[in-house]
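Read the structure below first, then the notes.
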Amino acid sequence: MLDATVVNIALPAIGRDLGAGVTGLQWTLSGYTLALASLILLGGSLGDRLGRRRVFVWGTVWFAAASVLCGLAPSIEVLIAARLLQGVGAALLTPGSLALISASIKAEDRGAAIGLWSGLGGVASAVGPLLGGWLVDAVGWRSVFLINIPLAVVVVWVAAKHVPESRDPHAAGRLDVPGAVAVAAALGLLTYGLIESQFPAVLLGVVAVAVFVVIERRSHDPLVPPSLFASRVFLAANLVTFAVYAALGGVFFLLVLQLQFAVGYSPIAAGVATLPITALMLVLSARAGRIAGRIGPRIPMTVGPLLAALGLVLMLRIGPGSTYATDVLPAVVVFGLGLSALVAPLTGAVLGAVSTDRAGIASGVNNAVARTSQLLAVAALPALAGIAGSDYSAAEAFSDGFHTAMLMCAGLLVIGAAIAAVMIRGSAEDASDCPPHCDIGTPPVARRRSA
């Protein structure tokens with residue numbers, strides 16, 4: 001999570017050093033997200049079968065090794081290839097992290113634990129620009145990848161010493177390799193078509209998505225079990241995830257670029273400018289998880305995206321000549337409040353809609369939805385907003401595109417809020433429409449009310 005946003009702040013320096021334009025910078029982000037989104041479902045299935053801690057550790061080691069390759073890349077092409085490998089490691093470790101929490105924490109503490117997980121993940125994402133800015137200014141852009149090595153050592157040690165192993169006792173049969181190939185082909189074609197403006201590739205990607213759906217419906221051991229979507233909460237939470245995380249992908253990609261290209265901030269100043277998001281998520285996410293455990297996810301999942309959308313509207317004031325106190329700070333504060341209200345309840349809704357032994361696959365599906373939406377947003381938004389070529393060297397041109405993109409992202413957040421308001425009624429009611437196998441994972445307060 002940290003790496004995903006640390007890289008954002010380094011993009012201008014990478015572009016200058018390796019001679020890359022906007023397309024090269026898009027691929028630097030999208031190559032990683034493409035591999036992650038394509039393989040995260042397979043990573044969740046491997047963890048359920050082989051042991052979630054084991055696969056989590058494998059993924060961490062792989063991620064660290066790929067980070068070394070990123071830090072040594074001599075060209076933008078090599079960097080993109082190394083980022084693809086880095087995404088493979090992330091696909092192994094990401095679903096296991098949340099599944100391990102869900103399988104190891106008592107039911108009454110799970111809401112707060114998920115809130116902490118969401119909050120720290122959000123903090124990692126938000127503190128990335130600050131840490132990245134400092135590293136780029138003090139050491140150089142390559143250090144933003146090499147910083148992963150000591151972090152990975154600590155993670156592996158903690159996992160081996162303190163994290164209990166868990167797996168899905170019902171997981172059996174073969175891995176859904178045809179499904180994994182289909183989803184990788186679909187996302188690869190869509191990403192290539194959107195970034196390179198190749199409409200035939202986009203059409204082929206849509207066809208591959210349809211093929212993936214057919215495979216999953218006919219497979220005996222699908223990557224995405226159709227029965228998961230029998231729960232209205234699970235379906236609604238993933239629709240909200242797709243809309244909201246598409247917006248977040250666009251914002252975190254473009255905001256730090258806007259602050260550097262259009263406003264004239266240094267990398268470290270651009271990172272410091274986003275600190276309020278970090279602070280708010282650190283303080284409020286666990287509380288939001290507890291509140292959602294008591295009142296249900298509908299209200300926070302409706303109010304959170306609307307607040308975040310308001311923050312993006314305020315970002316329309318950010319441009320050449322903007323001041324931090326009057327233009328940047330109000331926008332990032334309101335945006336941070338919206339994220340703090342949303343992220344933990346959304347994650348809790350996903351896991352609360354399934355039984356504990358299906359937490360791995362549920363987490364994998366939700367993470368795949370989030371990464372896919374971010375991938376497609378980063379691929380499509382610059383072209384849709386009119387940002388292309390070397391626009392990052394022209395402050396006014398980039399700023400105009402940034403403002404258009406923020407309006408699009410605000411619209412996505414409003415759509416997410418509307419889905420939550422319409423499809424999620426309340427924890428007690430939602431528990432009643434979940435199939436019997438889902439009730440095990442329903443938040444305790446919902447089960448008490450149902451009884």
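Tabulated results
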read-out	value
Stretchable slack from Glu196 to Val283, in nm (0.36 nm times residue separation minus alpha-carbon distance)	27.2 nm
Accessible solvent surface per residue of segment 223-329, calculated while the other protein chains remain in place, 1.4 angstrom probe, Å²	35
Within segment 289-419: Cβ-based charge dipole about Cα centre, in debye rounded to nearest 20 (Lys, Arg +1; Asp, Glu -1)	600
Length released on extending from Leu151 to Glu77, taking residue separation times 0.36 nm less the Cα-Cα span	24.0 nm
Student exercise, the chain dipole from Lys, Arg, Asp, Glu Cβ charges, in Debye to nearest 20	1140
Length-normalised contact order for the chain - Cα pairs under 8 Å, 6+ apart - percent	24
Cα-based Kirkwood hydrodynamic radius, segment 214-268, one decimal, Å	14.4
Accessible area of the chain belonging to carbon and sulfur atoms, whole % at 1.4 Å probe	70
Prolate/oblate/rounded call for segment 179-322, Cα gyration tensor, a/c under 1.5 rounded	oblate
Residue-wise HN-Hα coupling along segment 174-187, computed from phi with Karplus coefficients 6.51, -1.76, 1.60 (Hz; x: Gly, Pro)	7, 5, 7, 5, x, x, 5, 5, 5, 5, 5, 5, 4, 5
Inverse of mean 1/r across different Cα pairs in segment 248-393, Kirkwood, Å	16.7
Probe 1.4 Å, accessible area per residue of segment 1-117, Å²	32
Kirkwood hydrodynamic radius (C-alpha pairs) into Stokes-Einstein, segment 243-313, 20 °C and 1.002 mPa s, D in µm²/s	154
Equivalent-ellipsoid semi-axes of the chain, from the Cα gyration tensor, Å, largest first	33, 25, 21
Debye-sum result for segment 95-216 in log10 I(q)/I(0), which assumes one identical scatterer on each alpha carbon, at q = 0.12, 0.16 Å⁻¹	-0.86, -1.11
Alpha-carbon Debye profile of segment 58-141, log10 I(q)/I(0) at 0.22, 0.26 Å⁻¹	-1.11, -1.19
Spherically averaged projected area of segment 272-311 from its Cα convex hull (nm²)	2.9
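The values are calculated or read from the model by the stated rules, or taken from the named source; none is laboratory data. Treat the numbers as computed from the prediction; the structure is a model and nothing was measured. As a convention, Cβ positions derive from the backbone with ideal geometry for all residues, glycine included, and neighbour counts pool all protein chains shown. We work out accessible area using only protein heavy atoms, side chains counted, and drop any ligands, DNA or RNA first. Shrake-Rupley method; radii C 1.70, N 1.55, O 1.52, S 1.80 Å.
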